[in-house]
Each structure stands twice: as C-alpha cells, then as structure tokens.
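Where a number appears in this text, it was derived from the coordinates with a stated rule and is not lab data. Everything numeric here is computed off the predicted structure, so don't read it as measured data. Reconstructed Cβ throughout: ideal geometry from the backbone, glycine too, with neighbour counts over all protein chains shown.
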Ligand code: ADP
C-alpha cells in the first residue's frame with residue numbers, strides 16, 4: 001500500500017503548532033506498516049542546505065483554468081518527504097496569514113492531486129483546510145482520500161472568486177459542497193468529498209457535532225457522520241525524550257527523577273529566583289481564546305499571592321501579549337516570555353512541576369503529552385483530547401488535575417489541589433514518575449489509521 005501524506009507544515013522543516021508535530025510523528029509511526037511519503041511546501045525560510053534539498057528539483061507544470069503553473073519537486077531521502085516549491089505558495093516570510101492564502105493552498109492542493117496521480121498512490125491523507133481541496137480534485141480518481149480535522153476553528157473561508165482561478169466548477173458552490181454563507185469554505189471540501197474523515201480525539205469527534213463546538217459546521221458534519229472517527233494523537237517519544245534531549249540542562253528518566261529537579265534549579269537560577277522549593281507551573285502555547293488565555297489573565301492576581309512560579313511562553317493576539325507583559329512586570333512570581341522557541345519549550349517542560357492547560361476547547365492537544373513525558377503533571381480543562389488523555393485520581397492514562405466546568409473558580413480550585421499534592425512530596429513524585437512512563441507514543445493510534453487505510457482499499 002502506497003500512502004501520500006499531505007500537510008502544510010511538518011516539523012522540523014516548518015511548524016506553527018500541533019499540526020507540524022503530528023505531520024512529523026504519525027508518518028514515522030506508520031512507516032513500519034506501509035509505504036508512506038509525506039508532501040509539504042518548501043517555504044523560502046526552510047534551510048535547503050541543512051536538509052540537503054539541493055537544486056535543481058524535478059520541474060513539473062500544470063494547467064489550471066487556462067493558466068500554466070510550474071512547481072519544483074525535491075526529495076529528502078532522510079525523511080521520505082517530498083517538498084514542493086512554487087513561488088506563489090512558498091515565497092512568504094511565515095506560514096499563513098496572507099491575502100493570497102486561498103490561492104497559495106489551492107495551488108498546493110492541485111499539486112498534491114497531480115503528484116498523487118503521477119505516483120499512483122493508493123491513499124492520500126489530507127490534513128486541515130490547507131490541503132482539503134485535493135479531496136474534491138481527486139474525487140473521481142481511483143485513489144482514496146482520508147481527511148483529518150486538526151482544528152475545526154480554522155476552516156479556510158475565502159471570497160468565492162478564487163474558485164474560478166482554481167478551476168473549481170460552479171456546480172460545487174452549493175450548500176452540499178463548498179458554499180458557506182456566500183463564501184468558499186475549503187474545509188467543507190475535505191468533509192464532503194473525502195472517503196473518510198478523522199479528527200484527533202474521540203471526544204472532539206463527538207463535540208464537533210454539537211452547536212457549541214461545531215463552528216457553524218455541526219449540521220454539515222452530522223450529514224457525514226458515518227465517515228467520521230476520532231483517533232487520539234500521540235507524540236514522537238524519540239524526539240521528545242528527556243533521556244536524550246540535548247536542549248535541556250540535565251537529562252533524566254523516571255528512575256532518576258532527582259535529575260529532573262536539577263533542570264528546575266538551573267532555570268530558577270537563570271530567572272534569578274531564590275526560593276527554589278516553590279513549584280513551577282508553565283504555560284506553553286498560542287495566545288488565543290482557545291487556550292483559555294482569558295482565564296489565565298483573570299487568575300494572575302490570585303496566583304501572585306500563591307506559593308508558586310508561573311512561566312508563560314507564547315505569542316499571539318497583540319492585546320494579550322501586551323497584557324501579559326504588563327502583568328508579569330507587576331507580579332514577581334509571574335513571568336512572560338514572548339515568542340516561539342522550540343528549545344526553550346523543551347527546557348520548560350523539563351523544569352516544570354505542572355503544566356497549566358486550561359483550554360476552552362482542545363481538539364487533542366500535545367502539550368499535556370509532552371509535559372507528562374517530561375514528568376510535569378498536567379492541569380487541564382476537561383474538553384476534547386484533554387478529556388481523553390488526562391485523568392484525576394485514576395490510573396487510566398496520564399494522571400493530572402482536571403477541572404470542569406470552564407471557569408476561573410474551578411481552575412483556581414484545581415491549582416489549589418495541585419499545590420496540596422505538591423506539598424506531599426511522595427505522592428507528587430509517584431504521579432510525576434507514573435506520567436513519565438505512560439504510553440503517549442503514536443504506536444496505538446498509527447494502528448487505528450492503518451485499519452482505516454486498509455478498509456478503504
Ligand atoms: P495547537 O493548537 O497550537 O496546535 P497543540 O497542543 O496541538 O496546540 O500543539 C502545540 C505544539 O506547539 C507543542 O509542540 C508545543 O510545545 C508547541 N508550542 C506552542 N507554542 C509554542 C511556543 N511559543 N514556543 C515553542 N513551542 C510552542
């Protein structure tokens with residue numbers, strides 16, 4: 001079986017969040033079971049020398065709506081990845097957020113379909129709206145398509161004018177197709193025309209069928225419910241491995257938990273914190289409403305009076321960045337680091353006693369898995385993949401602190417439970433070391449994806 005796995009981001013080449021991680025780790029876990037090749041844009045910021053993607057690539061041309069487009073194809077032998085370079089798609093400073101995103105990722109979808117045909121693959125696995133149009137483009141081909149929704153909140157909604165440029169026939173601009181309140185919705189193409197839809201946790205698969213979580217597509221998804229399945233993500237435990245991670249201060253494992261503490265000491269030293277016995281809570285993520293950022297901001301005054309340190313790493317909405325900078329200047333035990341820093345995030349996971357993840361909604365979430373693997377106990381809101389992976393008082397998967405409903409009061413109560421747990425050193429270490437040994441790898445879920453591929457053939 002030959003599978004083409006398409007994603008707009010793949011770590012380490014490009015990453016804006018969990019999609020990049022999953023597009024790296026899922027194909028890796030599937031490699032043993034099928035022939036899987038990934039395909040992703042070769043953005044201008046990707047270091048071609050470092051990844052040995054030397055020119056010239058194979059030049060291909062496509063005709064779309066009477067216009068000729070050229071793309072170059074590069075192959076990385078190390079990671080079984082195909083990189084596509086097209087100037088419209090790849091000549092941007094960042095991944096997303098441009099006026100021509102519809103055209104950029106529409107072209108990417110055309111390229112995916114072209115490559116799938118040329119390579120005669122059996123399955124094309126598409127991820128999120130950036131690749132969703134390929135499901136429509138391939139719907140009459142022999143190839144089967146799987147479409148994974150990583151986050152329904154981002155649907156790729158654009159002016160319908162772009163469809164003409166992308167040679168998408170008017171007949172698809174209907175309620176059953178791409179039309180969404182007079183605009184073109186790329187995510188809808190993935191839902192309507194793929195052979196199977198997956199999303200990244202069983203709970204999120206149920207949630208998106210409700211008005212509260214459906215982002216306007218709950219009714220549409222209900223019509224395609226038979227095709228929908230939730231499979232929990234995992235992480236690449238070889239990459240996120242505190243025993244080998246070269247970015248952290250001191251390596252450690254569950255049998256040498258005392259070495260984990262050295263990471264916190266080093267980090268506290270760097271921050272100039274004298275009282276090193278206080279627990280360290282970390283928040284790592286995009287500063288958007290989804291991540292429960294308003295609850296955190298509301299809580300900061302209360303937390304400034306608690307015996308803890310809180311470090312937040314993230315970037316996002318400017319207003320939020322500004323608020324966090326002001327409040328971290330005001331409260332001594334609250335620290336905010338603006339930006340996206342992969343190495344620092346690893347050092348924080350290694351140093352932390354607790355991960356604060358009060359997401360309003362969370363399709364799956366990877367932070368709780370990474371944190372658990374580094375012995376940082378997650379504190380989460382019971383939603384989506386967090387509900388499926390973190391349990392309080394139960395040895396089911398990751399052990400942590402779970403709050404529900406979503407409110408400042410409940411979150412603070414969970415923080416108080418965390419502080420009580422931390423005071424009982426033996427009990428805390430038991431949970432932290434238990435979490436480190438939890439299976440958060442992609443192995444089990446890769447088997448579930450394999451079953452889906454097999455059932456389609
Ligand atoms: P998202 O909704 O952003 O995809 P996930 O929990 O699925 O959230 O994945 C987030 C990934 O991005 C994790 O690997 C996390 O460590 C990483 N990450 C998020 N923000 C930052 C940041 N500011 N710096 C470094 N890594 C980050």
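A few comments on the model shown:
- Relative contact order [Cα under 8 Å, 6+ residues apart], segment 254-436, whole percent: 21 percent
- Hull volume in cubic angstrom per residue (convex hull over the Cα atoms of segment 1-128): 105 Å³
- Antiparallel DSSP beta bridges within the chain, percent to nearest 5: 25 percent
- Whether segment 254-436 is rounded, prolate or oblate, judged on the alpha carbon gyration tensor where a/c under 1.5 counts as rounded: rounded
- Each label was represented as a point 7 Å from its Cα along the Cα-to-Cβ direction; for residue 80 and residue 58 these points are 1.7 nm apart.
- More than 16 angstrom apart: percent of Cα pairs within segment 107-158: 35 percent
- Over the chain, the hull volume per residue, using the convex hull of the C-alpha atoms, is 141 Å³.
- Each listed q (0.18 Å⁻¹) maps to a log10 I(q)/I(0) for segment 301-398, found by the Debye formula over equal Cα scatterers with no solvent: -0.96.
- In degrees, nearest ten, helix 258-271 long axis to first principal axis of the chain (Cα): 90 degrees
- Cα-based Rg and Dmax for segment 137-234, where Dmax is the largest Cα-Cα distance (Å): 13.5, 39
- Computed from label points 7 Å out along Cα-Cβ, the spacing between residue 247 and residue 67 is 3.8 nm.
- Calculated FRET value between residue 209 and residue 154, using beta carbons and R₀ = 25 Å, to 0.05: 0.85
- Pairs of Cα atoms nearer than 8 Å and 6+ residues apart set the relative contact order; for the chain it is 12 percent.
- Note on segment 267-350: Cα-only Rg and Dmax are 12.2, 34 Å.
- FRET efficiency, residue 174 to residue 427 (Cβ-Cβ, R0 51 Å, nearest 0.05): 0.30
- Available extension along the chain between residue 225 and residue 257 is 7.0 nm, counting 0.36 nm per residue and deducting the alpha carbon span.
- In degrees, nearest ten, helix 408-423 long axis to first principal axis of the chain (Cα): 60 degrees
- Multiplying the residue separation of residue 343 and residue 91 by 0.36 nm and subtracting their alpha-carbon distance yields 88.1 nm.
- Relative pair counts by distance (%), Cα atoms of segment 215-285, 10 Å bins: 15, 29, 21, 12, 18, 5
- Multiplying the residue separation of residue 288 and residue 416 by 0.36 nm and subtracting their alpha-carbon distance yields 43.6 nm.
- Our Cα-only numbers for segment 344-457 put the radius of gyration and Dmax at 15.1, 55 Å.
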